[in-house]
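To keep things clear, I will list the structure first and then write my remarks on it.
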């Protein structure tokens, strides 16, 4: 009874851990979208910095609560648009301070010229507000520090009776505090988000390559160049054999040999090699290929020969990837009835990162890559990360988004800017106003490789109405890589 309870508790704990890992993985994928990261930062950091200023204001009578609205709106502009026109900490502090100074001067001048009384003894006058707005606009324009919140601090000087210059000093100090938090966030989180968030720049360095089809060596070289971008990279060449079929073939050959028949070869007649199984012969051939890859690319290369047994091909590949601690499967493209083979589609449904490579001319170097994207996503980051790895420091990488009308251009420009910013490579952005099929048919010869997503995140209805991009593409005159990102972080202990 006690053992049964313990087993049940262990099963529940194991399931809870799996759910926790899944939720963490999904959260990582969600936050890799730059817009999601920015929105989350706004939700967290703007309340925190305003709360900090509030706590300080409670300790000092010089800080009025009326200055918080321009601080809050200015902080929102900083965190919500970290690459925008107003995302400059210096502009933020100088603009708010200059607006407060202009409002204070307008208050003093209107009191002296219009009311002939101390500033604290008059009501807000229309001429005073107009003067404050004019001075703020003229000075911020003249010093090239336009800041929307500057107009708020100028008006608050009038309604808050900021008769002392301490109002200006308090605005400068509080805005400097907000700007300091923004600078720390921008340097530690936003500018370096690729290092902490985007696994596409640091994962997928252990690559499993099933050696299938006539272009398997080319795909193996592609996987090796991806793995070689990281110091811990390695490649595993996989071949799958069916030992039961191999044993039947070997027995038939032995029977023929015993009967006096020999296997014909280019060198005459010979008998089957004794003591060497079919798997061993395959492993020998893989080792020769692995040696060639290590010599050419300089990345460690291992071999694996497994018996598929009763497993499906995709299941055998997935099991080998896990056992060999690989986080990316790079496999040659296979076709069935004019579409991707069932084996390929099965791999897309696993929880591993998959890259399917369709070779056009057997090339083994890919320095010019084009990445068409639908939106900013973890798959888009992965594709761009792969392209940057292959290009190195001297190659060319371009990312494109096709639009239907010129009205979509601005949104596309902002999206591509968010996508390419984390990468250090120089990346060209292209926004053609045409369909992706016609665009690739025209520009594909200019590139060595085109990377597209597998579109596995779309609903069945969406895929029914509009097939995946790689299924709609014409025969383009360059290599094609279909990328699907699903894997969870694997331990390498």
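Any read-out appearing in this document is the output of simple, stated calculations on the displayed coordinates, not a laboratory observation. Everything numeric here is computed off the predicted structure, so don't read it as measured data. All Cβ positions, even for glycine, are placed from backbone atoms using ideal geometry, and neighbour counts span all protein chains on display.
Taking other C-beta atoms within 10 angstrom as a stand-in for reagent exposure, 159, 379, 306 fall in the order 159, 306, 379, fewest first. Under the shape rule built on the C-alpha gyration tensor, where the axes satisfy a ≥ b ≥ c, segment 389-431 is prolate, since a/c reaches at least 1.5 and a/b is greater than b/c.
Name the shape class, rounded, prolate or oblate, that the alpha-carbon gyration tensor gives for segment 369-450, where a ≥ b ≥ c are the square roots of its eigenvalues, rounded holds for a/c under 1.5, and otherwise prolate holds if a/b is larger than b/c and oblate otherwise. Show your work: numbers first, answer last.
On the way: a/c = 2.01, a/b = 1.26, b/c = 1.60.
Oblate, since a/c reaches 1.5 and b/c is not below a/b.
Listed from fewest to most Cβ neighbours within 10 Å, the set 96, 77, 347 follows the order 77, 347, 96. Round to a whole angstrom and tell me the spacing of the C-alpha centers of segment 401-455 and segment 335-364. Distance between centres, Cα-based: 23 Å.
Taking neighbour Cβ counts within 10 Å as the exposure measure, how do 418, 205 sort from fewest upward?
Result, fewest neighbours first: 418, 205.
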